[in-house]
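The values are calculated or read from the model by the stated rules, or taken from the named source; none is laboratory data. Please read these numbers as outputs of a predicted model, since none were measured by experiment. So basically every Cβ, Gly included, is an ideal-geometry build from the backbone, and we count neighbours across all protein chains shown. Accessible surface is based on the protein model in full, side chains and every heavy atom, while ligands, DNA and RNA are left aside. Shrake-Rupley method; radii C 1.70, N 1.55, O 1.52, S 1.80 Å.
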Amino acid sequence: MAKEYLDPDETGKQALLKILNLCRTYIMGEMRVPALQNVSFDIGRKYPEFVAIMGKSGSGKSTLLHQLGFLDTPTSGEIIIGGKNVLKMSETQKARFRLERFGYVFQEYALLPELTALENIYLPAMALGRKKDEYFKAAREVLGQVGLGERLDHRPREMSGGEQQRVAIARALINKPDILFADEPAANLDSISSKQVLELFRKLNREMGLTVLMVTHEPEDRNYVDRVIWLKDGELDKMEEK
Amino acid sequence: MLSDHKLALFLAQKSITKGNKGTLGLTIFIMSLVFVNSVFVSSLFLGLTNTINDQIINTVYGTVVIEPKKDEKFIDDVYSLKQKISRVPGVKGVSAQYIMGSVMSYKDKSGAWSVYSINPDDEITVTTTHNFIIDGEYLSKLDENDILLGKEIAGGYGGDDESRSLGGVKTGDSIDVLFNNGIKRTYRVKGIFGVNFQRSDNIAYISQKEMTSVTGMEDKASQILIRTEDVGNEGQFIKQFLELGINEKIKPWQDYASMVKEITQSFDIISMLISGIGLFVAGVTIFIIIYMNTISKRRQIGISRAVGIKESVIINSYFIQALFIVMSGIIMGLLIVFYIVAPWFIAHPLDFPMGSVSLLILPESVFINATSLIIAALAAGLIPSMMAVRETIIESMWGD
């Protein structure tokens with residue numbers, strides 16, 4: 001894993017992810033709705049961070065995560081990874097970048113219902129062009145990391161919410177990403193499963209050096225993270241170091 | 001690139017095998033019906049045209065016809081001409097016919113028909129009318145007072161225009177025939193034939209010997225019919241006949257089939273229209289099915305793109321699904337055509353005024369129909385999947 005923050009530039013430590021004046025405005029008919037306004041911050045300057053993005057409903061949390069994860073395109077601003085403004089990449093380059101360096105976990109698990117748990121997990125590895133024995137090996141590794149060893153031949157609808165979310169996390173990890181984006185990953189889970197998911201993120205961050213950016217609205221989730229980025233009305237409200 | 005194709009195949013295979021089997025089965029069945037319909041329509045029209053062509057060759061003209069020279073009424077030296085023609089390799093039969101107009105009467109019914117004189121021994125080498133005797137017997141060379149009537153003349157045998165017939169003449173009955181030259185004869189009806197082709201069933205035959213006694217002319221003919229072993233190479237035979245020094249007019253059977261040409265052209269247009277509409281319906285059907293499929297899988301498409309699967313891979317997977325549906329439909333359609341429809345029509349041909357019509361299924365026609373359906377289906381399958389990946393990932397995953 002090439003972590004850019006391990007290579008300091010002449011100005012000091014280089015952030016893994018840096019965003020500058022990020023704006024996202026939605027146009028609805030003749031109305032312009034600013035969802036994000038001039039948001040700037042760094043992630044992973046000193047070490048792999050576990051960061052929570054928090055704020056009230058409609059504050060722009062998920063919108064911000066979507067911009068950072070290339071799921072949506074900002075109206076203006078820069079997203080710099082490894083010193084490069086990645087927004088200048090073509091769609092094909094972005095897709096490749098996403099596949100190689102990002103992992104995603106969504107609130108509704110977002111698994112493909114026609115695939116088994118195992119197939120869902122190794123799909124991104126297949127998409128990367130890895131050989132069958134390689135992606136099976138990688139799948140076994142991530143299954144160990146997320147603590148899921150059974151029911152792999154079951155399809156998502158035959159699994160519990162906690163199991164489905166762990167499949168989704170395993171899928172996000174299979175290509176050994178630099179950053180894991182999680183959009184309210186525990187919102188649909190019971191308290192026990194929710195705790196397991198957050199502990200797993202913490203473990204992945206601490207032990208595997210994975211940077212995790214998580215949108216959440218649960219105040220107690222702050223206990224697991226290094227930093228909280230608070231948003232308010234689409235703007236950066238405050239930073240809360242833990 | 002190879003891994004992209006493998007991934008597209010993987011996603012398509014999962015969608016087909018793990019998706020809704022009922023919808024998939026119904027879609028394939030609809031495709032098969034569209035294919036059967038297009039093959040059926042074109043094969044039926046081909047069968048109709050083929051039947052007319054066969055009837056013209058088998059019951060009226062043979063494959064090549066010799067007519068009198070320009071400004072002459074008859075062909076002279078018929079015997080020696082026949083000898084010459086018979087010697088050409090590939091000629092199966094030669095029959096000279098003398099044709100005379102007549103008015104036939106039976107009881108209170110009468111009508112105008114042509115009487116053809118033939119040498120029955122020669123005629124059976126060219127035409128197949130002798131195989132369609134529905135009452136009595138065929139003519140023989142020595143018959144003098146006998147006449148063979150087509151069923152349209154005799155009446156009572158299910159002809160197409162009974163009102164113009166003699167109203168039910170049977171074998172053994174006597175009819176009066178007033179020839180164009182004013183000579184009147186009474187003939188015993190020796191037999192009645194029905195080839196189910198109106199043009200042929202309106203002919204009456206007498207022997208050459210009898211015609212000679214009516215006209216007082218020998219070794220003359222109105223036309224000489226030639227039957228070659230194969231149909232389709234008439235041009236080569238005509239060239240050979242010309243090289244033999246035959247100066248009479250020589251025509252291929254197609255020159256007499258102007259009616260068929262018009263019918264064939266009309267059938268081709270109808271066939272194209274019906275096939276075109278069928279293909280359009282098939283295209284729209286596949287479009288709707290794939291469109292509904294992509295709408296219902298909009299979120300899945302978004303998820304696939306979110307995890308990094310390329311748009312081209314997603315489009316390809318839908319392309320493969322459309323290909324699978326249309327190919328399965330064609331295979332099922334072929335089974336229906338060759339194991340159900342074709343055997344049924346062979347056993348139960350349709351009765352048309354030009355004869356019994358069955359399907360004529362030509363490989364090239366099947367190929368064209370299959371290719372057209374594949375193109376229509378793939379185009380219809382591609383458009384909705386391309387529309388689906390044009391949305392942003394967020395719209396696909398969470399849009400309305």
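With springs only between Cα atoms under 10 Å apart, run a GNM on chain A and tell me which of A:Gly55, A:Gly147, A:Gly129 wobbles the most.
A:Gly129
What distance in nm separates the simple spin-label points at B:Asn20 and A:Ser57, each placed 7 Å from Cα in the Cβ direction?
Label at B:Asn20, label at A:Ser57, 3.2 nm between them.
Could you give me the ³J(HN,Hα) list for the stretch B:322-336, computed from phi with Karplus coefficients 6.51, -1.76, 1.60 and θ = phi - 60°, whole Hz, x at Gly and Pro?
Each residue's phi maps through the Karplus curve to give 5, 5, 4, 4, 6, 5, 5, x, 5, 4, 5, x, 4, 4, 5 Hz.
As a test of the formula, what do you get for chain B when each DSSP H run with n ≥ 4 contributes -39,500 (n - 2.57) and the sum is divided by the residue count, at 222 nm and rounded to the nearest 500 deg cm²/dmol?
Numbers: 14 runs with 208 residues, N = 400.
Rounded to the nearest 500, the figure is -17000 deg cm²/dmol.
May I ask you to derive the relative contact order of chain A, considering only C-alpha pairs under 8 Å and at least 6 residues apart, and to give it as an integer percent?
Computed value for chain A: 27 percent relative contact order.
Given the peptides A:102-109, B:382-389, arrange them by the average over their residues of other C-beta atoms within 10 Å, most packed first.
Values: A:102-109: 23.5, B:382-389: 18.8.
Going by the mean number of other Cβ atoms within 10 Å, highest first, we get A:102-109, B:382-389.
For chain B, report the translational diffusion coefficient in µm²/s to the nearest whole number, using Stokes-Einstein at 20 °C, 1.002 mPa s, and a Kirkwood Rh over Cα pairs. Kindly include the intermediate steps, with their values, before the conclusion.
Numbers: Rh = 25.5 Å.
Reported coefficient: 84 µm²/s.
Give me the accessible area buried between chains A and B, both sides summed, with a 1.4 Å probe, in Å² rounded to the nearest 100.
Values: alone 12080 and 19590 Å², together 29470 Å².
Answer for the A-B pair: about 2200 Å² buried.
Return one number: the angle in degrees, 0 to 90 and rounded to the nearest 10, between the long axis of the Cα atoms of helix B:234-243 and the longest principal axis of the Cα atoms of chain B.
Compared with the principal axis, the helix lies near 40 degrees.
As I understand it, the value is the acute angle between the Cα axis of helix A:161-173 and the longest principal axis of the Cα atoms of chain A; what does it come to in degrees, rounded to 10?
Taking Cα atoms only, the helix is inclined about 70 degrees.
So how do B:371-380, A:178-187 stack up, highest first, on mean other-Cβ count within 10 Å?
Values: B:371-380: 18.8, A:178-187: 22.9.
Ranked from most to least packed, the peptides come out as A:178-187, B:371-380.
In peptide A:94-104, what is the residue-averaged number of other protein chain Cβ atoms found within 10 Å of each Cβ?
3
Note the angle between two axes, namely the Cα long axis of helix B:21-55 and the longest principal axis of the Cα atoms of chain B, as a number of degrees from 0 to 90, rounded to the nearest 10.
So the helix axis and the longest Cα principal axis differ by about 20 degrees.
Which order do the peptides B:10-16, A:136-142, A:29-35 take when ranked by the mean count of other beta-carbon atoms within 10 Å per residue, highest first? Intermediate values should be presented prior to the final figure.
Numbers: B:10-16: 19.4, A:136-142: 17.6, A:29-35: 10.6.
Packing proxy ranking, top to bottom: B:10-16, A:136-142, A:29-35.
Between rounded, prolate and oblate, where does the stretch A:49-124 land on the alpha carbon gyration tensor, with a ≥ b ≥ c its root eigenvalues, rounded for a/c under 1.5, else prolate if a/b exceeds b/c? Numbers along the way, then the final one.
Working: a/c = 2.10, a/b = 1.25, b/c = 1.68.
The shape class here is oblate.
What value, in deg cm²/dmol to 500, does the helix sum -39500 (n - 2.57) over DSSP H runs of n ≥ 4 give at 222 nm once divided by the residues of chain A? It would help to have the intermediate numbers written out before the result.
Details: 6 runs with 76 residues, N = 242.
The helix contribution divided over chain A gives -10000 deg cm²/dmol.
From the backbone phi of the stretch A:76-85, what are the Karplus-calculated ³J(HN,Hα) couplings (6.51 cos²θ - 1.76 cosθ + 1.60, θ = phi - 60°) in whole Hz, Gly and Pro given as x?
With coefficients 6.51, -1.76 and 1.60, one gets 7, x, 10, 10, 10, 10, x, x, 10, 7 Hz.
Taking H placed 1.01 Å from N in the peptide plane, check which residues at least 5 places from A:Leu17 or on another chain put their amide H under 5 Å from its amide H.
Distant-sequence amide H within range of A:Leu17: A:Ile43.
Could you run the Karplus curve 6.51 cos²θ - 1.76 cosθ + 1.60 with θ = phi - 60° over the stretch B:115-121 and give me ³J(HN,Hα) per residue in whole Hz, x for Gly and Pro?
10, 9, 9, 9, 8, x, 5
For A:111-117, what's the mean count of beta carbons from other chains sitting within 10 Å of each residue's beta carbon?
Details: counts 3, 12, 7, 10, 6, 2, 0.
Across A:111-117, the average partner-chain Cβ count within 10 Å equals 6.
Taking the solvent-accessible surface of protein heavy atoms with a 1.4 Å probe, what is the per residue accessible area of chain A in Å²? Display every interim value, and only then the final one.
Numbers: 10990 Å² over 242 residues.
The answer is 45 Å² per residue.
Under 5 Å between amide hydrogens, which residues at least 5 positions from A:Lys232 or on another chain qualify, with H placed 1.01 Å from N in the peptide plane?
A:Asp237
Enter the accessible area per residue of the stretch B:170-325 (Å², integer; probe 1.4 Å; all protein chains in place).
46 Å²
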